[in-house]
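Before any comments, here is the structure.
The values are calculated or read from the model by the stated rules, or taken from the named source; none is laboratory data. Note that the structure is predicted; figures quoted are calculated from it, not measured. Note that we place each Cβ from the backbone using ideal geometry, even for glycine, and neighbour counts take in every protein chain shown. Just the protein is used for accessible areas: all its heavy atoms, side chains included, with ligands, DNA and RNA removed. Shrake-Rupley method; radii C 1.70, N 1.55, O 1.52, S 1.80 Å.
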Amino acid sequence: MKGGLKLSGKLIQLSLLFGILFSYTMFQGGFVSGFLFYAFLPVFCYFLIFLLYPLSTWKVKRTLSRNVTQAGNSVEVTIDLERKIGMFLPYLIIEDCFSASLEPIYQSNMVWKKVNDKAQPRKTENKQAVFPLFKRKIRLSYRFTDLPRGAHHFDKVMIKTSDIFGFMEKTATFSVENSIVVYPEKKEIAIKKQRNNFEEGAKASYSLQSRNTHVVTGVREYMPGDRFSWIDWKTTARKQSLMTKEFEQEKSTDGFLVLDTSYSESFNGMGVEASVVLARSIVHYFDRKSTNIGLLSLGSEVAYFPPQQASMKEMLHYQLATLKPHKNGRFAMKLTEHINQMPSNLFILILTTEVDHALVQALKQVQQKSKQIIIYISKPSYLLSEEDNRLIQQMRLGGMIVDVITEDVLRQDVIEVSM
């Protein structure tokens, strides 16, 4: 309606201008008035054709170089426009619009940078100018860098142009939908060597890396990292593929992640982002070891993925990609409420950004039904208080394994953790 009124207004203005010039020529007569009229006639025809030229009949297509990638990577975006009539256009402004979830700029190895400040977001559109002239096919490409994790959507393309004199402008909007899933950054995991002796008063703890290499329960395909001595040569010769002995304790090293997606007022949600990076890295580590791992994500929304269900692995990765941090989630209370959802006799890995007395009490309840509990606290070193260190020491004396994931840990290409 608004576009129709604007078109009618421009048409009336153009007709009025032409009428005035025509009347002047008829009444004035002579060479000058005739010259002005006939000189303006081509311009009038151009204005009229431009005014009636339909931008809405254009075909617009957007192509992404990839539909799935990892945080910090880039994607090439290509926009193709095609029109049937090569009308002269002096310039064309192409505006590509996308969801607000693409505003954050992800910087690998710098997750703690300016943790108290909000990073400068990018605009929710990419605007560029091209000069099509008489071209019928127009292509525009640009690179989207430092992608944040999440499921992101590109929804529409807007184009804007005007006549050569700038007297009239025309715009059109096209619904062109594309999507891309950006998984969290994935880093290599290195396991710290566990000491065999324990501090005085500390409870003995199991290790996720310990294996009983005396009782063979079966065979499986060889995986990178398996010892040479574990290869079952008879089965390898029979199946024409490297097969590794499977030991009794290997079948009981399943893990279960509990991810805290809340954060406090003391610093922004970058702590949760650090926990998500660590969670994705741990899941990848378990996958490479052919060990089952589940996930319980506690936040504004609760998501549960039991271990030993390979069909849900993609959904687990998608959950890590799309979960949203939120403030004041009361992780300890939610952990107590959902303790019955956690499988028994497994290695429980807790990823959180804060520690307090309520959380320590909740973790003691979790410890009673787990084989071993491991806590990863994602927090910058300058925000660690004496109370935090005291509670961490208390948990270690209680037989829990506690790692503090600081900025120095995350800046490394290989994250070293205890298991």
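List the pairs whose first member sits in region 85-101 and is over 30 Å from ARG149 (Cα atoms), whose second member is of a type in the set (A, V, I, L, M, F, W, C) and surrounded by fewer than 16 Cβ atoms within 10 Å (Cβ to Cβ), and whose Cβ atoms are under 6 Å apart, counting only residues at least 6 apart or on separate chains?
GLY86/PHE134; PHE88/PHE134; PRO90/ILE164; TYR91/ALA129; TYR91/PHE131
Listed here are the residues, each with its yes/no results for (1) in contact with a Gly (Cβ under 8 Å, 6 or more places away or on another chain); (2) open to solvent by less than 80 Å² (accessible area, probe 1.4 Å); (3) at pLDDT 90 or above.
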position: LYS160; (1), (2), (3): no, yes, yes
position: ASN197; (1), (2), (3): no, no, no
position: GLU200; (1), (2), (3): no, no, no
position: LYS203; (1), (2), (3): yes, no, no
position: GLN209; (1), (2), (3): no, yes, no
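Mind listing whichever residues of region 135-153 are aromatic (Phe, Trp, Tyr) and modelled with pLDDT of 90 or more? Break it down stepwise before answering.
First, pick out the residues of region 135-153 that are aromatic (Phe, Trp, Tyr): 142, 144.
Across region 135-153, the qualifying residue is only TYR142.
A quick yes/no check of all residues on (1) closer than 26 Å to VAL409 by Cβ; (2) at pLDDT below 90; (3) within 22 Å of the chain's Cα centre (by Cα):
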position: PRO325; (1), (2), (3): yes, yes, yes
position: LEU346; (1), (2), (3): yes, yes, no
position: GLU354; (1), (2), (3): yes, yes, no
position: ILE374; (1), (2), (3): yes, no, no
position: SER378; (1), (2), (3): yes, yes, yes
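Please work out which one of (1) open to solvent by less than 50 Å² (accessible area, probe 1.4 Å); (2) over 30 Å from LYS324 (Cα atoms); (3) modelled with pLDDT under 85 is the condition TYR106 fails and give its number.
Condition not satisfied by TYR106: (2).
Sort out which residues of region 348-369 are surrounded by 23 or more Cβ atoms within 10 Å (Cβ to Cβ) and touching a residue at least 60 places away in the same chain (Cβ under 8 Å), and write them in order of number.
ILE348, LEU349, ILE350, LEU351, THR352, THR353
Counting only residues that are assigned to a strand (DSSP E or B), over 27 Å from ILE105 (Cα atoms) and not hydroxyl-bearing (Ser, Thr, Tyr), how many does region 147-195 have?
Residues flagged as assigned to a strand (DSSP E or B), over 27 Å from ILE105 (Cα atoms) and not hydroxyl-bearing (Ser, Thr, Tyr) within region 147-195 amount to 6.
What pairs come up if the first residue lies in region 278-289 and is closer than 13 Å to PRO307 by Cβ, the second is part of a helix (DSSP H, G or I) and open to solvent by less than 10 Å² (accessible area, probe 1.4 Å), and their beta carbons are under 9 Å apart, counting only those six or more places apart or on different chains?
VAL283/LEU316; VAL283/LEU320
Is there any pair linking a residue in region 384-401 that is open to solvent by 50 Å² or more (accessible area, probe 1.4 Å) to one that is part of a helix (DSSP H, G or I) and β-branched (Val, Ile, Thr), with Cβ under 8 Å and at least six apart or on different chains, and which?
Once the first residue is open to solvent by 50 Å² or more (accessible area, probe 1.4 Å) and sits in region 384-401, its partners that are part of a helix (DSSP H, G or I) and β-branched (Val, Ile, Thr) give GLN394/VAL360.
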